[in-house]
Every structure is written in C-alpha cells, then in structure tokens.
Amino acid sequence: MATELRSRRSAVGASGWPHGGRLAETVEDEDIASRKGQETHPLFEDDSAESLGIADRPANSDSDYNRGLLDTASTQDPKRRYGGYRRQKLRTESSDDEEEQYLYTAAPFNQPDLEAMSEEASGELPVQEQPIYPKDANAALAAGVPYQKYHQRRKVNWLGCLVLSLYMCSLGFYIYIRVTRTLDLGSVGFIAFGVYVFAIEMLGAVATLLYGVNLIWDPVKEQPSTDPLNEMLPLVGQHYHLRVLIPCYKEPLAIVSKTISAAHQAALPNGCQRDIYMQRASGEVNGKSGNLNNCLSQIYPAGMAIPAHEVVCIFDADQVANADFFLKTLYLFDGGSDVGMVLSPQAFHNVRLNADVFNHANIQFWEYAQHGYDALGFISCTGTNFMVRSLALQQCGWSPTYTLTEDFALGMALKSHGWHCRYVEEYLAIGEAPDQVRNCFQQRSRWAKGHFQVVFSWKYCPLFVRNLPFLHRLLYCSGVFSYIVGAVTTPTFIIIPLLTIWVGIFPIVVSRWAAIALTAYAVGQMLVLSYCRRLKHLQGLWFAGIANNILWWAFAKAAFNALAAKLGRDITFKATVKGTAAKIVGSIFGDLWPPALLFIAGAVSFGIGLAKLISGPSVISTLAISLAWIVYGMIPPFLLLHYTFLGRGSTLAFWSKMMTCLSFLSAAAALTLLWFVYPKDFDFGKAAGDSLLFYDAQRVGKLPANNPISFRQSALQYENDSAAGFPDLTGGWLQGGIAGDLKLTMPTAFAVTMLAWGLLAFPSGYESAGQTAHVRQTVRWGTDYLLKTVRPAARNNSAVDGYNIVYQVGNLTEDIGFWGTPESLTAENMPRPAYTVRTRDGASDLASSLAAAFVAGSLALRADSTPDAGSYADQLMANAKALYTEAKAFPGQYTSRLQYSCTSKYSKSSIGTSRLSNPCPSPTAFANGSAVFFYNSTGHWDDLIWAAAWMFKATGNQSYLADVNSFLPQYRRQEQPIDLGYITDWNHVFQAANVLLAVSSNDLSFHRKAQVMLQNWICALGGTTAFTPQGRAWNPLANTTGATGNVAFLAAVYGQHPSSSITPAQSARYICFARSQMRYILGDKTDSLMVGNGRNPPTHVQNRAASCPDPPTACNAASAFNVTTPNPHVLTGAVVEFGSYSDSFQDVRTNNDSRVSVENNAGITGALAGLVNAPGTFDSCLQGFGVLTSGGDVCDASSIVAS
C-alpha cells in the first residue's frame, strides 16, 4: 500500500532503525548540492553537549531541569554524558548509502536488550514478559500468568447531562414543530426545498448529538506514585524500552533539529531506556505509514516476540516535546496490560488563540471531545505526541497504510482488538501549525480524505468492524459525518437567505410556533456547543464553527475525491509543508473562490434586501430574518479574507473579537425578528362568525328570542305601505353607511347573494367555523325581507302587469338628521315611507338583483333543516324566474325612470354618478328623501348577466347561458367603457358574474375574463388598481374595504375551484391574494378594520345603535355622535369602509371612513369562510417574491388561459 502513495516522506528515528530515512533528506529541497559528500550531519558529528543544542538553552531552561532528573544512577559512570545519555558509535565507515550510526541510551537497569534477545537461540522470554493480547487475557489469568486488566474509572458530569438533556428535549420539540407546522410551503417545489433544508438541519442535529455524548462522563485521573529514589520522578511498574520515531517530509533542519533535541533531552522515569538509531535510507519510502512501518520492521523483525514493555513514541517533525513529556505519560501504561496507547494533545507556537480562524488549537476537540472519549473508553489517535505499546502495534499490523489518516485507522484497529487508550489532558509538546492558506486547506483536505477512505471502505468501515461497541462505531463514523455536515450545511445555510432575497423562497413557515421551536432549539444547541469548563475557551469553541464554515469547500472536494477513488482514481498524498518551505505553494485561488464568492454575494444581497425592506411593501418577516442571517453567514469568509490579504496579527485578533460579538448579535437579532415579525395567526372562522353578528346587529322588525346582540331589541315594526300593496315591510337590515337607518333593496339583494354564494362555495369552511346554521339564518332573514318588497302590479284591476318593487324604506332627508337608537323610532316621530318602482317601467337592474338573490338563497337554504326548507326554496326560485322574465323583457335601470323635486336642506357628503332624468343640483341637494343619488344604479346589462348566470347555475338550462351571450354585446357597448376598474360591488356585478359562469360552465371565455380581472387586481395592472404601502389592494374607483373584500371573495372562489383551466400556481396565487387582503382587514400590518376582532380594532364606528349610551342618558348627536369616547356597545364584526390609500385609519366617529354597512361586509364574510379550510398557509404565500421573481404564474400575459 505504501508504494501507492505518490509522495515522499522520511522518518528520523530517536530509536533503532537500520533502514529509516536520514535527516539530510528532510532538507533536500534546500541546497542539497552544497552538502554532497558530507558523511554525517553536523548535529551528530560533535561529541560536545553543544552539538545537541543544549548549550544554546538558558541556564534555567528545561534542559538543565531535564539533566538533573536524568542523573538517577551512579554519577561516577564516565559514560554518562549529554544530559544523562550514553553515546555509542555503531559504525565507523560511510558510503553513499550509509552514514555513521550512533546509539544513545539511558543508563541500563539490568534490562535485556531487544536486539540481543532476538539473537538468542532459545527465544524464550521470562513468564512475566510473555506477550499477551487482550483477547487472550482471560485464558492467561486462568493459567496463572500475571495480567492486569484496565478498568476505566469515570464519574457522571451532571451539568453536562443537564445540557445534553435540554438539547435533546429542544430537538424533539423542534422536530415535531418543523414536521407538523413549518413545511406547508405551498407548491411542490417549495415543499421539496423546505424538506431538503430540514434534512440538512437534522444532519447538523445528529452531529451535535454525537458531540454532546462526550459531555455525559468525566474520566477519573489517578495520580502517579513517586519514585522513592527521586521524588520528582513517577514510579513505573515496568522498565519500559522507549522507541521514539519522528517522521519527516521536507521539513527544514531548524524544525526537525528542535524536535530531535527535545526528544533526546526529555526525562524518563527511572529504569526506562531509550534508543536512537540513524542511517541513510537505502531507498525512498512513500507516506508516513510506509516509513514508520519500514522503520518498525527493522526494529521488530518478523516473527519476533515483542515483550510488553516495548513502547513506540511518535512525534511529527515539528512537535517539540516538553522535558516532562515521558514523565507524565509513560506511567499510564501501568494502568493495565491492555493499555495500548497513551495520547496527549497538540499545541502550536505560531497560533494566536484570539485569531485562530483555522481552529488549529482545536480546543473543542482536545479539551472536550477527547475528554469525553477518554471517559467512554474510545480511542481517537491523532498522529503525533502519542505512545503505543509495540505489542499492540504489531497486533494491528503496524501503522495502517490503506488511508491517508493512519492515526484514525490505528485507533480504530487498537479498539477492535481490545486495547485501551489513556489521555493526558495536558499540553506536553508544542509544534508549528501551517500558516499559509493553501497549506491549511491541504492539511484539512488530507484529513477529510483519509476519513472518507476509511468509511467508504466495506472492509474498514467502522459500522462493519467486528468487536467494536455500537457507540464506538458511531463515534468512529462521526468524524466523516462532521465533514459531510460541514460540506453540506455551510453552503446551504449561506445560500438560503440569498435565495429569499433574489427569488423569494424561504424554507420554513414562519409562525409563532416556529419562533418558539427555533428559539428553544437554538438555545439547546448553543448550550451543547458552547459548554465549557473555562470561560476563556468560549472563543476557541466559536472558532471551531468558523473553521468549519471556512473549510466546507475542502471537505466537499475531499468527499468527491474519496468517492472518485472508489471508482479507480488515485488519491495524491500532500503533506503539510511548514517553515520556509511553506512559502513555496501553489495558487490559493482554488481554495478562496467559493468563500470569496459567497461573501460578495452576501454583501450585494444584503444591500438589495435592505433597500427592499426600506422601500416596502415587502415580505417583512422572511426578508428581515434573511438580512440578519446574511450578516451571520458573512463572518467566516470575512475573517478568511482578512487572514489571507490583510494580516494575521493584532488586527485579525481585533476583528475576530468584533466578529464574535457580531455573530452573537446577528443570531439573536434573527431570533428576535422571528418573534416580532412573524406573520400573525388569524382565526378566519371566528372572523366570519363575527361578521355575521354584524348582520344580527343591523336587524330590525321582530327579533327572535335568541337574538345574540344584547343592545338591540325589536324595532320599526310599523313599516308598511298598504296603499301600494305592501302591508308588511318589517324586517331586513338597516343599511348603514351614508344611508343610515334606511333599508335599500338592491344593496341588500347583493349582500344576500354574496352571503348565500359563500355558503354554497365554502360549506366546509362554515362547518369548521361552526357557523353553518348562523349563515343560513342570516341569508333567510335577508330573503324573508326581500320577498316582502315584491308584489304583482295590476292596472285598472286587470291582470298582472309586471311587478312593483320597493327599492327603499325610510326617508333619507329625515333620517340623516336623526341620531338615536332604532328602538326609539315610532310612526309618529319617524315615518318610514316606501319607495317603489314598476318592472315594466324599466327596472331590470333591480329585478335582476332580486332574482339573483332569490336563486342563491334557494340553493343555499334548500339543505336547511327547517321543515319548510324545500317549499321555501321553491318559493324563492319561482319568484326568481318571474322577476328574471320581467327583467329580460323590460331592460333598463330603475333610477333613470324616476323624477323628484329637490331640496337643499342638508349638505351632500359624497359624490356619485347620477342618471336621473332631472338630477338634483350638486353638491347641496337630495332627491326628495330618496337615496338613489348615493345608491345610483349606473347600468342594467351587468345585472341581467348576473341573474342569468345564477339561473344557469341553479338549473343548468343552456338557454340562460345563451341569454348571457346575448347580453354581453350590449354590456360591452353601453357599460364596459365606464366599468374598466374591474370593480365588484352592489352596482357592478359583471366581474362576479364572470367568475360564477367560469366555475359553473367551465367555458374558457369566462375563465379568461375572470383571470384577466384577477390579474389586474393581483398584479396592479392597467393603472387603476394598486397596492397601498402595507399591501392592501386598492382601487380609486371603488376604494372601500368592501370592494376589496368582494374581489378577495371572488379570488377565493375561483382559486379553490377545480378546473383544468386554472393551474396550481394560479390557484395558489388567487388564494394567497384573498388571504393577504383578509389579513390586512384583520390588522396584519396595520390596525384592524373589523370591530371586535384583530389588533386594535375600531371603537368609534359610525353606527347609531352602537354609539348610543344606555338609558336614562338621552341619545342624540351631542351625546353619541360628536363625542370622542368609544362606542358604549361593540358592533362586533362590522368592517369600516375606510377608503384611504394611506393605510392609516383614523378611528374617529365623525370621519366617513368609519362608516359601516351591510353590503360592505358581504364579500368579506364569504372570503373569510373560504379561507378557513383553504389549502396552503400564509407562509406559502410569501414564497416566490424576490428580486428576480414577480409572480409570473399570474402576472405574465401568457398565464391567462386562451379563449
């Protein structure tokens, strides 16, 4: 395997190794030619102490301390030199392939030399030195052979358990909320994106959980016994023979010499021995493992029985051991005969801990992960600063060569053979970390490749290695898992906010539950990842996350290369170059372009997103969160770019500190925004029920015993016009608005039709809201009254000559000057005249409106549970047919047939278009008590189409559809020029008729008209419709909330109708439009416009009954209208008309924006019911609105179905 690694690596041995690499090869990139013919390296040709680098150390340095510790035997021994070592020349001749070799040993302690033993004929070892593998321990003990098993001592870390428990609870809650409440993002594509992000989150959660396992236990560390001969030395149970190996590869002499010198001088416990062998290599050995194995094969020839006291120590060429390294490590082998490894952490002299953007110090691993591994009995070998029992190394087949990370593989092999590891939580050696960016990336890439090689191998994958505990299998896979998580999560979470800004997609439904779950999970994860025993470790733990974010590209490439290797592609070994040679590196562009590109993209996106946020209207919740998220994601690439181009000293330390604070603040800001700007939840079902309560509050006549409005009683029971054939005109609703306490037939018919249509279109919505019976009662209350307004007309006591219709009850001229409760009105103080018109005089608009209301009421009430439901529905249908026949035969609008005398007693407060034959002068006139000036019907062909559409829906008779097509040319010619605002209200029903015909007939021409109308509203086309700064759809030609609500209702109906002419994307946008408008009315971004519902609802609405104080206080304009106090009674469900574009509703009773009326609530009620069970959520509606996307699924001309 070693020959397959195409790089050069040598090994310098502070041990016996006849064929190890020579020191000169470590500097072969320096001036090799200048040293040709040099027999030995100057470091070893002088017998003086200075040649070992000792003289250069200060008097109080570790070398002096070391020499004193080593002088434990007879000081009279003339061979004790060089700080307690003996130097013996082993060879005197030198050739091109060999150089002089010396053996450095500590004073012998009657210990037989391994080489000498190998030459003994018998080959038998004393019983106590028989090699015993852990798997044979029980048999050996049974045979009486001395063998000590290691027993791991540990204690529960209760704080760590608490932290991990909190994290697991938060994770469980987070998973539940994410699955049940945050993935309903609308279209399949958005849902797929949300599921992908959730899966990536779970990868990170598992990685955090695997790390958190290390917090459960603390290892119990025993103190060594003191050597009775020298209290400064630990007492060891065996006289260990230590072989120190220092693999090298092109490291400069200055680096290697320090490592060798320190290894020479480090003190040993009494009785232990250390050998150093040097010789020119006869041939090149490739790779660290290959060189180690080459060296070890010379020390321990094949077939040799290795005693238990043989120990190999490995230092990387830059790792300079402390003088007490061996004193604090060797004795740990005494813990058991099955202790196969002793490991210590790594430290680096050239790393600033407060600017460690590549996380070289790796405090998270050395101080916390390895701490937990030690308690769990898990072996995580790290390649240097460790000692391994030679017997264990031999059993594992020496250093693994099948992977670039031989240390990781060695630890796993040791554990699978039953060996244990001891971890010394003290920095006993100091090395040099790579400081060039290219080298840093190469080093981490090599580590990642090696891990991937192991896990991607069927033979060596930890999941399939025998004799490994299940937890250890997971832990051995956790390294690769963390690389995968880093490679996938980092770019994903950096790109998410960019996608939000540019294409408007966000991976979760932002809601109150999402805010709770995300906050809990973020806190739980922070507790695990920031758990520390020393506060000074916090920044080091933070750098661990920064490094993972910086190195994700290296991890991704490593995974790709490892997979490619499985397909036959070679993996090239690239050692980490240090020292001056580190400057000879390739271009760093290949490593920097991904983080640099993401940094630039983040900066540009932040600027554009901030501009969108300021300019509005925009999706505040996801956009604001994304801006904070972008700031968080830009921190790691910023630090990397600073490290690369601006410096690595005090300025980087300063910015690292600033970025630590900024990362915390941006994360906290994102969570805070999640709490404060998440879309509010609205109970549309309750709002629909409240809206129906407004109709209850407007009822007059004899009220039922179960009247739910406490401040209303029966009133106006004297209304009639017996002389005109209308003996009973009681009942119905007070119109409200400018009409005050009048009752107007045409607006009432429109309200009844829309309420009944809502029940027909959304029965499940009303059922879920518990309002089915309520809406039926409301519709019937309206149809009961409308039936009273129609009577057959007769001339000269002859046959029926059309129908007389009451279009108004009450005198506007008298009513407008009154402010009091309806219950206070009597025939004496407020006469209630009836205003009538005959159908054959041309009142097809009024007759058609009534016909539509009767048909819709018939369809809606036929399923009622009342005994007379069927007969009542038949009665309504019969009246509808009769009125439709009259309307078709005698076209015209009723207001054009009326003539009135005028009066200027009261000021006019609204402008309307009048088609009266002799209109009253504007603006200070009223038409003899009639309200037609303010409720002026401006056309009749749209009403005929409206009635025909309902007749077709009820009967399916194609003749009615033919009628529609015959009316359309007349409508286009006479009325369409003044009906270009795509308005729907009591006076403009053409757009509503098109939607009704589209869903009833499925005719493409009607679908096209409906889609064009909705497109103009949703996309603010044509220069008429627009969106207010806070997102209300507004039309200056019909600027009331009722007009907006009517279009929202049509969008809800059309969007939920199954038809091949409506794409899923269109359907979603129509429903979202309806949802956004209803949320606006209920106070999503401004104050609520519905009384008693939503945020800060109106309390000063212009309604007489609600504003009047309770008796005995008199109710009049002074006590109820002109006062600034809130209404004494809550007119629940009433929606103010509010026609301003400013989004700023002034809750003032004298302000006309505070008017309420029955026709204003009609479409809103149905839209609310339609949204109760509408597919999707509001968060799904927030998707797709970015810089590069503009709702082409609805707004492009190509989105309209072909006619």
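The values are calculated or read from the model by the stated rules, or taken from the named source; none is laboratory data. None of the values given here were measured: they were computed from a predicted structure. Neighbour counts run over all protein chains shown; Cβ positions are idealised from the backbone, glycine included.
Could you check, for the stretch 650-669, whether at least one of its residues is in contact (Cβ under 8 Å) with a residue 24 or more places away in the chain, in a helix (DSSP H, G or I) and touching a strand residue (DSSP E or B) at 6+ places or on another chain (Cβ under 7 Å)?
No, there is no match, as no residue in the stretch 650-669 is in contact (Cβ under 8 Å) with a residue 24 or more places away in the chain, in a helix (DSSP H, G or I) and touching a strand residue (DSSP E or B) at 6+ places or on another chain (Cβ under 7 Å).
Report yes if some residue within the stretch 1039-1054 is at pLDDT below 95 and of a type in the set (Gly, Ala, Ser); otherwise report no.
No: the stretch 1039-1054 contains no residue that is at pLDDT below 95 and of a type in the set (Gly, Ala, Ser).
Tally up the residues in the stretch 1078-1136 that are closer than 14 Å to Thr1150 by Cα and β-branched (Val, Ile, Thr), please.
6
So, in the stretch 664-676, how many residues would count as being surrounded by fewer than 19 Cβ atoms within 10 Å (Cβ to Cβ) and among the polar types (S, T, N, Q)?
The total comes to 1.
Within the stretch 1108-1140, work out how many residues are aromatic (Phe, Trp, Tyr) and either part of a helix (DSSP H, G or I) or touching a Pro at 6+ places or on another chain (Cβ under 8 Å) (or both).
1
I'm told Ile516 meets every condition in (1) aliphatic (A, V, I, L, M); (2) surrounded by fewer than 21 Cβ atoms within 10 Å (Cβ to Cβ); (3) in contact with a Leu (Cβ under 6 Å, 6 or more places away or on another chain) except one. Can you identify the failing condition by its number?
(3)
Any residue in the stretch 374-387 that's more than 20 Å from Lys288 (Cα to Cα): show its pairings with residues that are among the polar types (S, T, N, Q) at Cβ separation under 7 Å, as long as the two are six or more apart or on different chains.
Close Cβ pairs satisfying both conditions: Gly377/Gln152.
Show me the strands (runs of 3 or more DSSP E) entirely contained within the stretch 745-862 in which 2 or more residues are in the same structural domain as Gly1042 (by TED's automatic domain parsing) and within 59 Å of the chain's Cα centre (by Cα).
In the stretch 745-862, 800-809 are the strands (runs of 3 or more DSSP E) which contain 2 or more residues that are in the same structural domain as Gly1042 (by TED's automatic domain parsing) and within 59 Å of the chain's Cα centre (by Cα).
On the given criteria, is Gly1163 surrounded by 24 or more Cβ atoms within 10 Å (Cβ to Cβ), at pLDDT 95 or above and assigned to a loop (DSSP other than H, G, I, E, B)?
It is false that Gly1163 is surrounded by 24 or more Cβ atoms within 10 Å (Cβ to Cβ), at pLDDT 95 or above and assigned to a loop (DSSP other than H, G, I, E, B).
Tell me, yes or no, whether the stretch 1068-1080 has at least one residue that is assigned to a loop (DSSP other than H, G, I, E, B) and out of contact with any strand residue (DSSP E or B) (no Cβ under 9 Å at 6 or more places or on another chain).
no
For (1) of a type in the set (A, V, I, L, M); (2) crowded, with 24+ Cβ neighbours inside 10 Å; (3) in contact with a Cys (Cβ under 8 Å, 6 or more places away or on another chain); (4) modelled with pLDDT of 95 or more, each residue gets a yes or a no:
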residue: Ser764; (1), (2), (3), (4): no, no, no, yes
residue: Gly782; (1), (2), (3), (4): no, yes, no, yes
residue: Asn796; (1), (2), (3), (4): no, no, no, no
residue: Val800; (1), (2), (3), (4): yes, no, no, no
residue: Phe818; (1), (2), (3), (4): no, no, no, no
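Could you check the stretch 137-219 for helices (runs of 4 or more DSSP H) lying wholly inside it with 1 or more residues that are at negative phi and among the aromatic types (Phe, Trp, Tyr)?
It comes to 158-181, 188-212.
For Trp419, work out the one condition from (1) of a type outside the set (A, V, I, L, M); (2) modelled with pLDDT of 90 or more; (3) touching a Phe, Trp or Tyr at 6+ places or on another chain (Cβ under 8 Å) it doesn't fulfil.
(3)
Every residue in the stretch 270-315 that is buried (at least 24 other Cβ atoms within 10 Å of the Cβ), at pLDDT 85 or above and assigned to a loop (DSSP other than H, G, I, E, B), please.
Residue satisfying the conditions is Phe315 alone.
Looking at the stretch 833-863, which of the residues that are charged (D, E, K, R) and surrounded by fewer than 22 Cβ atoms within 10 Å (Cβ to Cβ) is farthest from Thr745 (Cα to Cα)?
Arg862
Identify, please: which residue in the stretch 1145-1160 is β-branched (Val, Ile, Thr) and either buried (at least 24 other Cβ atoms within 10 Å of the Cβ) or free of Cβ contacts under 8 Å to residues at least 12 places away in the same chain (or both) and is, among those, farthest from Gln991 (Cα to Cα)?
The residue in question is Val1156.
For the stretch 687-744, what are the residues that are over 28 Å from Thr836 (Cβ atoms), assigned to a helix (DSSP H, G or I) and hydroxyl-bearing (Ser, Thr, Tyr)?
Correct list: Ser691 only.
When you scan the stretch 765-775, do you find a residue that is among the aromatic types (Phe, Trp, Tyr) and either out of contact with any His (no Cβ under 9 Å at 6 or more places or on another chain) or under 18 Å from Tyr935 (Cβ atoms) (or both), even just one?
Within the stretch 765-775, none of the residues are among the aromatic types (Phe, Trp, Tyr) and either out of contact with any His (no Cβ under 9 Å at 6 or more places or on another chain) or under 18 Å from Tyr935 (Cβ atoms) (or both).
Residues that are closer than 23 Å to Gly1045 by Cβ: list the helices (runs of 4 or more DSSP H) wholly contained in the stretch 931-1023 that include at least 2 such residues.
In the stretch 931-1023, 941-955, 990-1001, 1004-1018 are the helices (runs of 4 or more DSSP H) which contain 2 or more residues that are closer than 23 Å to Gly1045 by Cβ.
Can you tell me how many residues within the stretch 407-452 are of a type in the set (Val, Ile, Thr) and either within 40 Å of the chain's Cα centre (by Cα) or farther than 28 Å from Ser261 by Cα (or both)?
Here the count works out to 1.
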